[in-house]
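As structure tokens, the structure follows; a few thoughts come after it.
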Amino acid sequence: MHVDMDAFFASVEQLDHEEYRGKPLIIGGLAGRGVVSTCSYEARKFGVHSAMPMGRAQQLCPQGIFIEGNYPRYAEVSQQIFTIFTRYSPVIEPLSIDEAFLDLTGMEKIMETPLDYARKLKAEIREKTGIVASVGIAPNKFLAKLASDLDKPDGLVLISEDKIRQVLDPLPVGRIWGVGRRMNEQLENLGIQTIGQLYRADAHRLQQYVGALR
């Protein structure tokens, strides 16, 4: 299971400040060459996204609310969430302050289904912290992380063993964890736009263009 808080920093700010709710909120460095740390879903409608230069964000969304953020507060809420995780799995692998893998191996006897278990976890996170989480469940971490991003915000997606190709094949290659802008462009130059096309591509030709396969 991969659990990812939706627009975490912005969600905490909107939880704490009523005047930010429903508004395009953008958090990050405001001086010099600052970048966007995160933004609310209201700001994303204008094309703003994480790691974008703050100057560009201001151009796209001049009506946005721009703040530097309260990182000790985010850490406090994160600690609450990770404490909740410990009640759902003995093996937790943090990826960042707002996401983690939870190993469900051997948990079958204490949950009706993985989806019901995830719903219970999501409900407890929202009840205890006021924060919304998206969850992906799959046979491995790569697929679980991909699944958690497929239906945001407040998503819950299970990719079962028999549905892997059905789910993956039509998705753009940029959905693959680790495929950045440059590699995405390289693959598109090869005529590869979807994960299905990548799956069927010639491995030797791929290696020539994007490097050694590991």
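Throughout, read-outs are computed from the coordinates displayed, never taken from laboratory work. Everything numeric here is computed off the predicted structure, so don't read it as measured data. We place every Cβ from the backbone using ideal geometry, glycine too, and count neighbours over all the protein chains shown.
Taking every DSSP beta bridge that has both ends in the chain, the antiparallel portion is near 75%.
Here segment 8-26 is scanned for amide nitrogen atoms under 14 Å from the site 7 Å beyond the Cα of Met52 along Cα-to-Cβ, giving 24-26. Maximal additional length on extending the Glu188-Lys163 stretch stands at 6.5 nm, based on 0.36 nm per residue less the C-alpha distance. Multiplying the residue separation of Leu171 and Arg21 by 0.36 nm and removing their Cα-Cα distance gives an extension gain of 50.8 nm. Dipole orientation for the chain: of the candidates Phe8, Val132, Gln208, Gln208 has the Cα lying most toward the positive pole (charges on Cβ; Lys, Arg +1; Asp, Glu -1).
Its relative contact order, with pairs defined as Cα atoms under 8 Å and 6+ residues apart, puts segment 52-187 at 13 percent. May I ask you to derive the relative contact order of segment 169-210, considering only C-alpha pairs under 8 Å and at least 6 residues apart, and to give it as an integer percent? It rounds to 48 percent for segment 169-210. Once backbone amide H atoms are built at 1.01 Å from N, Ile65 has Leu25, Ile26 as its partners under 5 Å, excluding neighbours fewer than 5 places away on the same chain.
Based on DSSP H runs of at least 4 residues, each adding -39500 (n - 2.57), what is the mean residue ellipticity at 222 nm of the chain after dividing by all its residues, to the nearest 500 deg cm²/dmol? The helix-only estimate for the chain comes to -11500 deg cm²/dmol at 222 nm. Among the lysines, which fall within straight-line cross-link reach of Lys145, defined as a Cα-Cα distance under 26 Å, with same-chain neighbours fewer than 8 residues apart omitted? Here the lysines satisfying the reach criterion relative to Lys145 are Lys45, Lys109, Lys120, Lys122, Lys128, Lys163. In percent, rounded to a whole number, the relative contact order of segment 116-214 is 18, using alpha-carbon pairs under 8 Å and six or more apart. Annotation for Arg87 and Asn70: the two label points, set 7 Å from Cα along the Cα-Cβ direction, are 2.4 nm apart.
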